[in-house]
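Data first, discussion second: the structure below is written as C-alpha cells.
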Amino acid sequence: MQTFFYTAGAVAVAATLLMILSLNAVHALLYLIVSFLAVAVIFYILGAPFVAALEVIVYAGAIMVLFIFIVMMLNLGRRAAEQERAWLRPSMWIGPSVLAAILLGEVILLLTRAGVPAPAAEVVGPKEVGLVLFGPYLIGVELTSVLLMGALVAAYHLGWHRPKLEKANVDDSRARGASPGGDFVRAGADRSPGTP
Amino acid sequence: MLMIPVQEGLLLAAILFALGLIGLLVRRNILFILMSTEVMLNAAGLAFIVAGARWGAADGQVMFFFILALAAAEVSVGLALVLRMHHQYKSLDADLLSRMRG
C-alpha cells in the first residue's frame, strides 16, 4: 500500500509542476485534472473513500468543467479553429495520458489482487462523516449555505451585462494605451519589456 | 497492515501547497492564478485528511467538505471576474488590473 501512496504522490507532484509550467491553458487544465485524480487515490489509501469520490466528482468534475467552459467562452473567433487543429497533435495529450495511465495501473493492481483492497489507514465511512457533519458541525453547514448563496449572487451580479458601462471602460482603456485583442494564453507578451 | 507515516502525508501536502504558491507568484495569467489557488486549497484539504486518518476521526473529512464548498464559491466568483476582465480589457494579464481606478 505504501508503494501506491508514493506512486500517486509522485504523479500528483509531477502533474502539478507541469500545470504550472505549461503555456496553454487547456494543457494546464488537463494536468490539473490528473493531479486531482492522484490526490483522490491518496484519499482512498488514507481511509477516506467518500472524500475520494467527492474529490473526483466535485474537483475534477464540476470545478474543472467550470474552468473549461470559461476557456471555451474566451476563445471565440478565428483563433479557435487553429487551436482546435493544434489540439489534435499528440504533444498535447501524451503527458496527461502517461500520468493518468500510471493511476489506472494502480487501480487495476488494487482491484486484481486477492480480496477487497483494504486502505492503509482505518476507514472512516460516509455514515460517521454525516453524523459528525450534522452534529457538532451543524453551524458550519449553515454558514456554508450562506457562503454558497453569496457566491451565487456575486457571480450573477458580475456576469450581468451592462453594455453602456462596458463600452465606456473599453474606450477609456484604449485611450490609455492598453492593446485590445491580446493573447489570453501568453498574458503579458504584448507589453513593452521595460514595464514591471 | 502498513500505515502511511503522517509525516510523509503532510510532506506531500506541503509540497503541493508550495507548488501552488509558486504558480500563484510566477504566472501573470489570471486563469493560472485561479488554478494555483485551487491547488493550494486542495493541498490544505489533503493535510486535513492526513490528520483525520492519523486519529481515525471524521473531523478531517468534514473540514475537507468546507474547503470544497469554499473552493466552489471562490472559483465561481473568480471566473465571473475573469469574464468581466476579458470583456473590458480583451486580455487576461493580471498586471493590467493596476490600471483600474479605485
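The values are calculated or read from the model by the stated rules, or taken from the named source; none is laboratory data. Quick caveat, the model's predicted, so the values are computed rather than measured. Heads up, the Cβs are rebuilt from the backbone with ideal geometry, glycines too, and the neighbour counts pull from every protein chain shown. With ligands, DNA and RNA removed, areas are computed over all heavy atoms of the protein, side chains included. Shrake-Rupley method; radii C 1.70, N 1.55, O 1.52, S 1.80 Å.
Evaluated against (1) open to solvent by 40 Å² or more (accessible area, probe 1.4 Å); (2) not in a helix (DSSP H, G or I), B:Leu11 falls short on exactly one condition, (2). Determine whether segment A:32-55 contains at least one residue that is within 15 Å of the chain's Cα centre (by Cα) and outside any helix (DSSP H, G or I). Taking every residue of segment A:32-55 in turn, none turns out to be within 15 Å of the chain's Cα centre (by Cα) and outside any helix (DSSP H, G or I).
Apart from one condition, B:Ala53 fits all of (1) in contact with an Asp or Glu (Cβ under 9 Å, 6 or more places away or on another chain); (2) modelled with pLDDT of 90 or more; the exception is (2). Regarding segment A:43-61, can at least one residue be identified that is within 7 Å of another protein chain (Cβ to nearest Cβ) and closer than 14 Å to B:Ser36 by Cα? Yes, because at least one residue in segment A:43-61 is within 7 Å of another protein chain (Cβ to nearest Cβ) and closer than 14 Å to B:Ser36 by Cα. Scanning segment B:63-95 for residues that are open to solvent by 20 Å² or more (accessible area, probe 1.4 Å) and over 29 Å from A:Leu131 (Cβ atoms) yields a total of 12. Can you name every residue in segment B:11-30 that is touching a residue at least 40 places away in the same chain (Cβ under 8 Å) and more than 7 Å from chain A (Cβ to nearest Cβ)? Once the filter is applied, which keeps residues that are touching a residue at least 40 places away in the same chain (Cβ under 8 Å) and more than 7 Å from chain A (Cβ to nearest Cβ), segment B:11-30 yields only B:Ile30.
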